[in-house]
Number of protein chains: 2
Amino acid sequence: MHDMRIRKIREELEKKYIDALLVSNFYSILYLTGFKTLTTDEREAFVIVAKEKVYLFSDARYIDEQLTLNTQYSTFEYKLIEPNKSLISHLYDIVEEEKINSLGFEAEDLKYSEYQKLSRTFKKLNPVSTDRLTIKIRELKDKQETDCIARACEIGDRCLTEIVKIIRPGVSEKEIGFKIEMWIREKGCDLAFDPIVAIDANASVVHYNTKDGDGVVKDGSIVLIDFGVKYKNYLSDMTRMVFVGQPNDEVKKTYEILAEAQQKTVEKITELETLKEADEFCRKLITDNRLPSYPHSTGHGVGLEIHEYPKVSLNSPDKRKVNQVFTIEPGVYFPDKHGMRVEDTVVIKEDGKARILTKFPKSLLAI
Amino acid sequence: MHDMRIRKIREELEKKYIDALLVSNFYSILYLTGFKTLTTDEREAFVIVAKEKVYLFSDARYIDEQLTLNTQYSTFEYKLIEPNKSLISHLYDIVEEEKINSLGFEAEDLKYSEYQKLSRTFKKLNPVSTDRLTIKIRELKDKQETDCIARACEIGDRCLTEIVKIIRPGVSEKEIGFKIEMWIREKGCDLAFDPIVAIDANASVVHYNTKDGDGVVKDGSIVLIDFGVKYKNYLSDMTRMVFVGQPNDEVKKTYEILAEAQQKTVEKITELETLKEADEFCRKLITDNRLPSYPHSTGHGVGLEIHEYPKVSLNSPDKRKVNQVFTIEPGVYFPDKHGMRVEDTVVIKEDGKARILTKFPKSLLAI
């Protein structure tokens, strides 16, 4: 699994005449080696993919994880980061030993100050900015990855089935969000992100912060629930609407247009070459029905991170490809009134069709 | 409060002959404006501190937060990020309007690829790398900040007082960690980071991951608890040891040396000019007693982030200054056997003395 991923990296490096790649991104390190540090942004580890060897650097605080990995994968070479030496000085030996002339780095991850140190320190070394090399490889999921995402989606479906039962007048957004979290954690999983539970007018704020909010379910409330599960590092993402009592005809009609636009877009994907077209197609179904366009993209890739490649937006250059995993999530928002969104996580199968992984029903759910 | 912080930024810019600063870091934006996006790493907002005005950019998903801020602070000018325009194109108007020739950026935050776009797009503009300008200003806390940190520490003290009561043979690390989290969240606060609860040999792994662990308290266990509270965006950090049953003389002696070294270091700080000396002083007290040195620094700054300036390490260039907040946390680790650490969060007062904010007792706690 990791061997295949490393091979893909090496193929890209060869095409670009780069001798080795410095991998600094937390998720790329996890993807390529299975190694995970406690924090995502503190540079506690880095990887160098060279021609023959893969070097994994981390400090003494992770010695145990290193030993565990060592027995699992013998293809990595472990190097200890010493507390009083900089990242750069650790690179020295490898650069010499491997005769590295051009070292690729992840331009979308490396900080400008890190780049500066790199280029100033190695006079002979040519640091080459690679443009999303690793994260573009991560765009196409292998079987182990789609299995994990499918499982995360399935756990999310089961969670929502239970959570719907507790929604009634008097229950707060926070309580629903908390119960989603507890249900998922009891199953030994984690949240993919803090759940968004937004009632009525709050749901018209696309990035509503449930933790800071004070919404409470009332008779006739419209409840938006956007949440995901993290299963073995892989994420799911789903949004559903719950109507408390039968909604009036206008609301009902709006919901049906939205849910239908979402479903039709998923079905249309197989005919489209690019994901920009998917965004245009979905958005047009909404606006053709005299509903307002939504102030966000129609979807985004999902994997180790909640927002990754491909992009499903008006300015996305990404083509539809087999083994992409992404969301389709149009919305309709009326400020100060209410907001609705319907979102599935889908995977592109061998036949080019988008298969929905989040299977919780999208028919109007009135409780 | 924000005005004062902005003024400090402008003073630094003037010294460096920089016309304006592009602020991209999530915590720096929060610090300078009070504005907070849902994610810390997705560039959903940015700030430009110009000579007269401060521009805050964010997208339509945050329109509500913008309006709220607008009523609070009239000194900011709000700009909407349009979904199909890049960050760069949003900068155009401001650069023109404000006649910006040199634009500073946070070199330790801006990605190399973002820098590339910036320097390629603006032919006339001179992007100037600023070295930790904002985060060095954040190093010295104002009253509102130390008040929040002190409160976070106090809540942590109360939490641990309750948590100690549930520690007994049969209870797992995960359960203790979970109960710490629940106690803190019931109080309307958040975790500063995932608590580390590590029993016996697990405590010798400095970055032990409690969520993936399986340790259970036994008779005679040594329990390490390292956790923090987030109160109004500000963090606390504390580590304490709990002994289940009376420890043997050797363990007791080791603990006493460690706790004494930690306390002596806190008291010594007022006499030291640099924080490198604090690290050396503390480490020497441990090794002079024939105990092994610890594979981490003696401390780190705490504020909006759990690791910020100043550094308290062997290669720290930072001087001791009034209104710094940092930890002092030596440890003693015996691989496969046990590990101990004692950690306080302290603030440097006007008289140069370090005042301990985490007040849970450090005398040997045997239950």
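The values are calculated or read from the model by the stated rules, or taken from the named source; none is laboratory data. Computed from a prediction, not measured in an experiment: that's the story for all the values here. As a convention, Cβ positions derive from the backbone with ideal geometry for all residues, glycine included, and neighbour counts pool all protein chains shown.
Observations on the model:
- Of the residues B:I367, B:I306, the single one that is among the aliphatic types (A, V, I, L, M) and assigned by TED's automatic domain parsing to the domain that holds B:E154 is B:I306.
- Scan region A:44-60 for residues that are surrounded by fewer than 18 Cβ atoms within 10 Å (Cβ to Cβ) and in contact with a helix residue (DSSP H, G or I) (Cβ under 8 Å, 6 or more places away or on another chain) and the total you get is 1.
- From A:V229, A:V312, A:V217, A:V302, residue being within 24 Å of A:P195 (Cα to Cα) and over 18 Å from the mean Cα position of the chain (by Cα): A:V217
- Residues that are closer than 30 Å to A:P317 by Cβ, within 14 Å of chain B (Cβ to nearest Cβ), touching a Ser or Thr at 6+ places or on another chain (Cβ under 6 Å) and of a type outside the set (D, E, K, R) are absent from region A:238-251 altogether.
- Selected residue (only one of B:I367, B:I328 is farther than 17 Å from B:V312 by Cα and among the aliphatic types (A, V, I, L, M)): B:I367
- The listed residue being more than 21 Å from the chain's Cα centre (by Cα), of a type outside the set (S, T, Y) and assigned by TED's automatic domain parsing to the domain that holds A:Y294, out of A:P169, A:P195: A:P169
- Those residues of region A:81-128 which are out of contact with any helix residue (DSSP H, G or I) (no Cβ under 6 Å at 6 or more places or on another chain) and of a type in the set (S, T, Y), in sequence order: A:S86, A:S89, A:Y92, A:S102, A:S113, A:S119
- Only listed residue being of a type outside the set (A, V, I, L, M), without any contact (Cβ under 8 Å) to a residue 12 or more places away in the chain and closer than 27 Å to B:G170 by Cα, chosen from B:E250, B:E271, B:E277: B:E250
- Residues of region B:213-231 satisfying the condition of being outside any strand (DSSP E or B), more than 26 Å from A:K211 (Cα to Cα) and within 14 Å of another protein chain (Cβ to nearest Cβ): B:G213, B:D214, B:G215
- Hey, A:S363 closer than 30 Å to A:G245 by Cβ and of a type outside the set (A, V, I, L, M, F, W, C) or not: yes
- Residue match in region B:146-162 (condition: more than 21 Å from the chain's Cα centre (by Cα), assigned to a loop (DSSP other than H, G, I, E, B), assigned by TED's automatic domain parsing to the domain that holds B:V346 and surrounded by fewer than 17 Cβ atoms within 10 Å (Cβ to Cβ)): no
- Checked against (1) modelled with pLDDT of 85 or more; (2) over 22 Å from B:D142 (Cβ atoms); (3) crowded, with 22+ Cβ neighbours inside 10 Å, B:S24 passes all but a single condition, namely (3).
- Of all residues in region A:310-331, those that are part of a strand (DSSP E or B) and either modelled with pLDDT under 95 or away from chain B (no Cβ under 14 Å) (or both) total 7.
- Picking from residues in region A:13-66 that are more than 14 Å from chain B (Cβ to nearest Cβ) and of a type in the set (D, E, K, R), the one that is nearest to B:N209 (Cα to Cα) is A:K53.
- Cross-chain or 6+ apart pairs with Cβ under 7 Å, region A:7-35 first and farther than 10 Å from A:I48 by Cα and not assigned by TED's automatic domain parsing to the domain that holds A:I306, then part of a loop (DSSP other than H, G, I, E, B) and polar (S, T, N, Q): A:D19/A:N101; A:F26/A:T37; A:F26/A:T40; A:L30/A:N233
- Residue in region B:133-142 that is under 21 Å from B:I9 (Cα atoms) and free of Cβ contacts under 8 Å to residues at least 60 places away in the same chain present: no
- Unmet requirement for A:N84, which otherwise passes all of (1) more than 20 Å from A:L30 (Cβ to Cβ); (2) away from chain B (no Cβ under 14 Å); (3) part of a loop (DSSP other than H, G, I, E, B); (4) at pLDDT below 90: (2)
- Restricting region A:88-131 to residues that are under 31 Å from the mean Cα position of the chain (by Cα) and over 18 Å from A:D19 (Cβ atoms), the residue that is farthest from the other protein chains (Cβ to nearest Cβ) is A:K117.
- Criterion violated by A:L275 - all others in (1) hydrophobic (A, V, I, L, M, F, W, C); (2) over 17 Å from the mean Cα position of the chain (by Cα); (3) more than 20 Å from A:G156 (Cβ to Cβ) satisfied: (2)
- As for region A:176-196, it holds no residue that is closer than 22 Å to A:V332 by Cβ and acidic (D, E).
- Residues that are of a type in the set (A, V, I, L, M) and part of a helix (DSSP H, G or I) within region A:1-20 comprise A:M4, A:I6, A:I9, A:L13, listed in sequence order.
- Restricting attention to region B:179-198 and to residues that are of a type in the set (A, V, I, L, M) and touching a strand residue (DSSP E or B) at 6+ places or on another chain (Cβ under 7 Å), the residue that is nearest to the other protein chains (Cβ to nearest Cβ) turns out to be B:I196.
- Residue list for region B:1-52, restricted to those being among the acidic types (D, E) and in contact with a Lys or Arg (Cβ under 8 Å, 6 or more places away or on another chain): B:D19, B:E44
- Number of positions in region B:235-259 that are touching an Asp or Glu at 6+ places or on another chain (Cβ under 6 Å) and either part of a helix (DSSP H, G or I) or surrounded by fewer than 19 Cβ atoms within 10 Å (Cβ to Cβ) (or both): 1
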